[in-house]
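The values are calculated or read from the model by the stated rules, or taken from the named source; none is laboratory data. It should be emphasised that the depicted structure is a prediction, and the values quoted were computed from it without experimental measurement. Here the Cβ positions follow ideal geometry from the backbone for every residue, glycine too, while neighbour counts run over all protein chains shown. Only protein heavy atoms, including side chains, enter the accessible area calculation; ligands, DNA and RNA are left aside. Shrake-Rupley method; radii C 1.70, N 1.55, O 1.52, S 1.80 Å.
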Amino acid sequence: MTEESNTTQTRRPLALVTGASRGIGLELAKLFAQDGYDLVVVADSDTLDSAVSELASTGATIVPVRADLRTEKGVEAVYAAVEEDGRPLAAAALNAGVGRGGSFADTPLADTLAVIDLDVRSTVHLAKLILDDMTRQGEGKVLFTSSVASTMPGPYHAVYNASKSFVQSFSEALHSELKGTAVTVTALMPGPTNTHFFSRAALDDTALGQGPKDDPAEVAKQGYDAMWRGERKVVASSVLSKVMAALDAATPDAVKAAAHKVLARPGSGR
């Protein structure tokens, strides 16, 4: 590689996307790649290889990291890949997350803690590493994938909804702390989206799992645009999801919990 081509390559901005093998994460990664960003993409899935091939076809340099973000070792592996690249992160989409449907009593403790470790602990750990660097360099953008579920108690999906309530609160607090700087934090709040989330969470046989779902590409685009505008949060993507969020804001928690209980009860979609 010539010195000129190496210089050209290092001038490309670098972005990080977790949960990038499919769904909203893959769509976010595509948007970065199409806009001229090189990428560190993270997943613990067999579909990561095909995602990397698709992203590389845009001409972007893609660094794949297969890591289990439920573990401290996995988070550190991601950060090590960013450090090894040498370029400062221009942006990061912390999108990795998982749910687990069913009653709290019937869910194995290990499965419950895995949701917390991925959705909460790894998010905080990676955000700390990334935001410390962005603060030192004086600029950067972070997008957290939260959920409309963060606005309501979630019977039969209790830990997931609670984890997204944490992410939403965390994101909005960081946005406020960093206001007035060139580092911004945005929360993306999807409604039900057509991804593998529902099957992974064992929600396919529920009314929630069988209901209408948004296009992940549209969800990602609305979140991506809001991140670049430095907005505090965005509900994405359909009118239905936006109406749901607006109604949730004015509805007592007990009523929202009762409605969620009906929609997420195992077998309710039959």
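Tabulated data for the structure shown
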quantity	calculated
Candidate set from segment 198-239 (those that are without any contact (Cβ under 8 Å) to a residue 24 or more places away in the chain and in a loop (DSSP other than H, G, I, E, B)); member that is surrounded by the most Cβ atoms within 10 Å (Cβ to Cβ)	213
Residue, surrounded by the most Cβ atoms within 10 Å (Cβ to Cβ), within segment 124-172, restricted to residues that are part of a helix (DSSP H, G or I) and more than 17 Å from the chain's Cα centre (by Cα)	134
Where a residue in segment 91-119 is hydrophobic (A, V, I, L, M, F, W, C) and its partner, wherever it lies, is assigned to a helix (DSSP H, G or I) and modelled with pLDDT under 95, with Cβ under 7 Å and at least six apart	98/200
Given (1) part of a loop (DSSP other than H, G, I, E, B); (2) under 18 Å from the mean Cα position of the chain (by Cα); (3) over 21 Å from residue 244 (Cα atoms), number of the condition residue 195 does not satisfy	(3)
Residue within segment 252-264 that is closer than 25 Å to residue 101 by Cα, touching a strand residue (DSSP E or B) at 6+ places or on another chain (Cβ under 7 Å) and in contact (Cβ under 8 Å) with a residue 24 or more places away in the chain present	no
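For every residue, the table says whether it meets (1) part of a loop (DSSP other than H, G, I, E, B); (2) hydroxyl-bearing (Ser, Thr, Tyr); (3) open to solvent by less than 50 Å² (accessible area, probe 1.4 Å); (4) in contact with a strand residue (DSSP E or B) (Cβ under 9 Å, 6 or more places away or on another chain).
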residue	(1), (2), (3), (4)
40	no, no, yes, yes
60	yes, no, yes, yes
77	no, no, yes, yes
84	no, no, no, yes
